[in-house]
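Worksheet: the structure to be examined is printed underneath.
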Amino acid sequence: MGNKNSNVLKQSNVQEKYKVIFLDVDGVLNNANSSIENLYIVEPELILILKKIIVSSSITNTCIVLSSTWRYTAETRDIIEKSLKDQGLGNHIKSCTPYYSGTNRVYEIVSWLENNTNYDVLNKYSLELPVLKHNENSGGFLESLTRMPDNKKLNIDSIVILDDMDLIDEIKGLGQSQTENFAKFLNDHFVHVTKRLGLTENDAKLASAILNKNKA
C-alpha cells in the first residue's frame, strides 16, 4: 500500500510536457488562391492539415503560439481563434510571441521560449539576444498576451515553427558566429511553407517529424 501511494504521488509531481507550434497565418493558413476581397481569410482545408500535425503528436499537450502579424490586434486574433475553434483546435492556442520593433521574428520566438518555458534554448545553441522591449503598438498588443495563462512555465518536449517567411534571411547580418548558431536552431525546428500553396501535406509530415523527433 505504501509503495502504491508513493508511486501515485511521484506521478502527480511529474510536470506535463508540451509540444509548441509557432504559427504564422498569411501564406500558411491561406495561399495564392484565397479570396483577395477579404483581407483576413483563413482556409478551413489548411487548418485541417494543421490539425493532422497535432493529431500525429505523440504527446496530447500541444500549444499553439501565434507568431503572425495577426497577433497585433484583437480583431485578427479573434478571427484566427474562431477559425481554429471551428475545426476543434480552439483550446490549443495559448499565447503570442512578443513584438520587438526593428528586430526579427527569430528573436521574438527565442525570447518567448526564454520567458515562458524551461527550455534553455540560449545555452543549447549558444544564442545571444540583445536587450529587447515589447512594443504594444497602436492596436493595444499588450505584453500580457505574450505570456502563458497564469504565467505558467511550460516543460517543453519539442517545438516547430511554421512560417512562409524565410527566417534564415532574418538572421543574416548578426555576425558569423551568431548567424551560424541561429541557423542551427532553425535547421532543427523550422518548416519553411511556400506562400503560394500555404501549408501542405508534406509540410505537415516534416512538422510532425520535428515534433516527434527533435526533442528540446
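Derivation of every value follows stated rules applied to the coordinates shown; laboratory data play no part. Keep in mind the model is a prediction, meaning the values are calculated, not measured. Cβ placement follows ideal geometry from the backbone for every residue including glycine, while neighbour counts extend to all protein chains displayed.
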Among the residues of the stretch 162-202, count how many are surrounded by fewer than 18 Cβ atoms within 10 Å (Cβ to Cβ), not in a helix (DSSP H, G or I) and not charged (D, E, K, R).
6
Among the residues of the stretch 49-73, which ones are part of a helix (DSSP H, G or I) and either in contact with a His (Cβ under 7 Å, 6 or more places away or on another chain) or under 15 Å from Ile21 (Cβ atoms) (or both)?
Ile49, Leu50, Lys51, Lys52, Ile53, Ile54, Val55, Ser56, Trp70, Arg71
Among residues of the stretch 102-148, those that are more than 15 Å from Ile171 (Cα to Cα) and part of a loop (DSSP other than H, G, I, E, B), counted:
17
Selection within the stretch 16-47 - loosely packed, with under 14 Cβ neighbours inside 10 Å and either touching a Lys or Arg at 6+ places or on another chain (Cβ under 7 Å) or not in a loop (DSSP other than H, G, I, E, B) (or both):
Ala32, Pro44, Glu45
Collect the residues in the stretch 150-208 that are acidic (Asp, Glu) and either under 28 Å from Asn30 (Cβ atoms) or touching a residue at least 24 places away in the same chain (Cβ under 8 Å) (or both), keeping them in residue-number order.
Asp157, Asp163, Asp164, Asp166, Asp169, Glu170, Asp188, Glu201, Asp203
Take the residues in the stretch 166-194 that are among the hydroxyl-bearing types (Ser, Thr, Tyr) and out of contact with any Lys or Arg (no Cβ under 7 Å at 6 or more places or on another chain); name whichever of them is farthest from Leu50 (Cα to Cα).
Ser177
Which pairs do you get when a residue that is closer than 18 Å to Thr103 by Cβ, found in the stretch 67-84, comes within reach of a residue that is surrounded by 21 or more Cβ atoms within 10 Å (Cβ to Cβ) and of a type in the set (S, T, N, Q), reach meaning Cβ atoms under 6 angstrom, with the pair 6+ apart or on two chains?
Ser67/Thr97
Residues located in the stretch 83-101, provided they are assigned to a loop (DSSP other than H, G, I, E, B) and of a type in the set (Gly, Ala, Ser)
Gly88, Ser101
Screening Lys94, Lys85 for residues that are surrounded by fewer than 17 Cβ atoms within 10 Å (Cβ to Cβ) and touching a strand residue (DSSP E or B) at 6+ places or on another chain (Cβ under 9 Å) leaves only Lys85
Can you pull out every residue in the stretch 142-161 that is surrounded by 15 or more Cβ atoms within 10 Å (Cβ to Cβ), within 23 Å of Thr76 (Cβ to Cβ) and out of contact with any His (no Cβ under 8 Å at 6 or more places or on another chain)?
Leu145, Arg147, Met148
